[in-house]
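The values are calculated or read from the model by the stated rules, or taken from the named source; none is laboratory data. All of these numbers come straight from a predicted model, not from anything done at the bench. Cβ placement follows ideal geometry from the backbone for every residue including glycine, while neighbour counts extend to all protein chains displayed. With ligands, DNA and RNA removed, areas are computed over all heavy atoms of the protein, side chains included. Shrake-Rupley method; radii C 1.70, N 1.55, O 1.52, S 1.80 Å.
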Amino acid sequence: MEEIALYIHIPFCKQKCFYCDFPSFCSMENLMDSYIEVLDKEIENIKNNKIKTIFIGGGTPTYLNSKALKRLGESIGKLDLKYCEEFTIEGNPGTFTEEKLKIIKNMGVNRLSIGLQASQDELLKKIGRIHNYKDFINSYNMARDIGFNNINIDVIFGLPRQTNKMWKETLEKLIKLAPEHLSCYSLILEEGTAFYKMYSDKDLPDEDSIIEMYETAKKMLKENSYYQYEISNFSKKGYQCKHNMVYWNLENYIGIGSSSHSYYKGKRYKNEPNVKKYIEKMKKCNNAIVENLQNTLNDNMEEFVFLGLRKIRGIYIKEFEERFQKDIYSVYGEVIKKHKENNLLIESEGRLYLSSRGIEISNYVLSDFII
Ligand code: SF4
């Protein structure tokens, strides 16, 4: 039995946020029931694994109607969850009801991840969110009342005309609420999104302002006992996201649902991204995999370093050697030397990790590890 993290993709959203390039869709509510039906088949297919964590993401899983959520809970209930340490569902304010939260709790979910993004209503409107700050507070309080004691909140900095003062205000409000976990992402203007057409670089905070916002988050969160364990992720002690750690540690995970990805025994799989086609394929062939690639040794080494250096503790040099039967310096000697000399990478106590400056320009540093 392989130990895995299980990701379940729910592609439905009430409205598409302007900045979003995730595989999520609005106006597809008519497909919800059949989607959940075929997910049941895919869940059945992976039941012989030792499930360590579950993450239901999207899209907006809490946008599923109560009947569909219950049905999904029944499918998951058929899995052996005795090894499951963490079970997360993502949701958005405005799609929660008390009834849905109770269904979710009964499914065994013990971690909630709520997308807020900012505390200013005008900013939320500007980025196409369906909720205001008050909706978020109502959802958060409802979740606490129902007994969720491990909550993550997603926020974004670098939004159009967002100032450091506004960002501070968002963080201050959240620190007062004291969620167990905060994910602070920097906005990326992705081609193909509504944002890309609406805004240009001049509407967005410049690089120095982005760095200032990031530094603000690091300082404020540290002062309030949030420990940074990944470039964008902060948690109270003992509340790191176990599921995401599986990705950054390059361990086995299986993704089910449309567009989902898997990494399993050194192979990468991808499911059909088109929701309708995904349902058809599952109904017809009980399989929706459209890509199936064997990772080469180089792929595995790259991914181990690329993902591993996202963690603040970095990677263990010995672990690299044990996994790949190679000395890390024989593969990356030059790159490591260069970034250590430029104070972007630090080696200490058998670990390699990014310095503060290295984190700020992590895209540049990490891309150097592509073989
Ligand atoms: S709710 Fe999340 S997945 Fe849906 S459109 Fe907005 S950002 Fe994308």
When the residues of the stretch 14-36 are narrowed to those that are in contact (Cβ under 8 Å) with a residue 40 or more places away in the chain and within 22 Å of Lys281 (Cβ to Cβ), which ends up farthest from the ligand (Cβ to nearest atom)?
Ser34
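So which residues in the stretch 161-177 are in a loop (DSSP other than H, G, I, E, B) and either at pLDDT 95 or above or open to solvent by less than 40 Å² (accessible area, probe 1.4 Å) (or both)? Can you show your working first?
The first filter runs over the stretch 161-177 and keeps only residues in a loop (DSSP other than H, G, I, E, B), leaving 161-163.
Passing the criteria: Gln162, Thr163.
Within the stretch 200-228, can you find the residues that are of a type in the set (S, T, N, Q) and either touching a helix residue (DSSP H, G or I) at 6+ places or on another chain (Cβ under 8 Å) or under 19 Å from Leu177 (Cβ atoms) (or both)? Break it down into steps so the answer makes sense when it comes.
Keep residues of the stretch 200-228 that are of a type in the set (S, T, N, Q), which gives 200, 209, 216, 224-225, 228.
Once the filter is applied, which keeps residues that are of a type in the set (S, T, N, Q) and either touching a helix residue (DSSP H, G or I) at 6+ places or on another chain (Cβ under 8 Å) or under 19 Å from Leu177 (Cβ atoms) (or both), the stretch 200-228 yields Ser209, Thr216, Asn224, Ser225, Gln228.
Do we find a residue being in contact with a strand residue (DSSP E or B) (Cβ under 7 Å, 6 or more places away or on another chain), crowded, with 20+ Cβ neighbours inside 10 Å and free of Cβ contacts under 8 Å to residues at least 24 places away in the same chain anywhere in the stretch 118-126? Walk me through how you get there before you give the answer.
The initial filter retains those residues of the stretch 118-126 that are in contact with a strand residue (DSSP E or B) (Cβ under 7 Å, 6 or more places away or on another chain), namely 118, 124.
Restricting the remaining residues to those that are crowded, with 20+ Cβ neighbours inside 10 Å gives 118, 124.
Filter again for free of Cβ contacts under 8 Å to residues at least 24 places away in the same chain, leaving 124.
Yes, the conditions are met somewhere in the stretch 118-126.
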Evaluation of Ile104 against (1) aliphatic (A, V, I, L, M); (2) in a helix (DSSP H, G or I); (3) closer than 20 Å to His243 by Cα; (4) within 16 Å of the ligand (Cβ to nearest atom) (one fails), failing number:
(4)
Show me the strands (runs of 3 or more DSSP E) entirely contained within the stretch 275-371 in which 1 or more residues are under 30 Å from Phe25 (Cα atoms) and not assigned by TED's automatic domain parsing to the domain that holds Cys184.
289-294
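Suppose we filter the stretch 48-62 for residues that are within 16 Å of the ligand (Cβ to nearest atom) and open to solvent by less than 10 Å² (accessible area, probe 1.4 Å); how many remain? First the steps, then the outcome.
Kept after step one, since they are within 16 Å of the ligand (Cβ to nearest atom), are these residues of the stretch 48-62: 55-62.
Imposing the further condition that a residue be open to solvent by less than 10 Å² (accessible area, probe 1.4 Å) reduces the set to 56-57, 60-62.
Of the residues in the stretch 48-62, 5 are within 16 Å of the ligand (Cβ to nearest atom) and open to solvent by less than 10 Å² (accessible area, probe 1.4 Å).
Can you give me the ranges of the helices (runs of 4 or more DSSP H) entirely in the stretch 180-266 with at least 1 residues that are surrounded by fewer than 18 Cβ atoms within 10 Å (Cβ to Cβ) and touching a strand residue (DSSP E or B) at 6+ places or on another chain (Cβ under 7 Å)?
Details: elements: 194-198, 207-223, 242-248.
Here the list reads 207-223, 242-248.
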Looking at Thr88, Thr95, which one is within 16 Å of the ligand (Cβ to nearest atom), touching a helix residue (DSSP H, G or I) at 6+ places or on another chain (Cβ under 7 Å) and in a loop (DSSP other than H, G, I, E, B)?
Thr95
Test each condition in (1) within 14 Å of the ligand (Cβ to nearest atom); (2) of a type in the set (Asp, Glu); (3) part of a helix (DSSP H, G or I) for Glu42 and report the one that comes out false.
(1)
For residues in the stretch 26-47 being within 21 Å of the chain's Cα centre (by Cα) and buried (at least 17 other Cβ atoms within 10 Å of the Cβ), which is farthest from Ile188 (Cα to Cα)?
Ile43
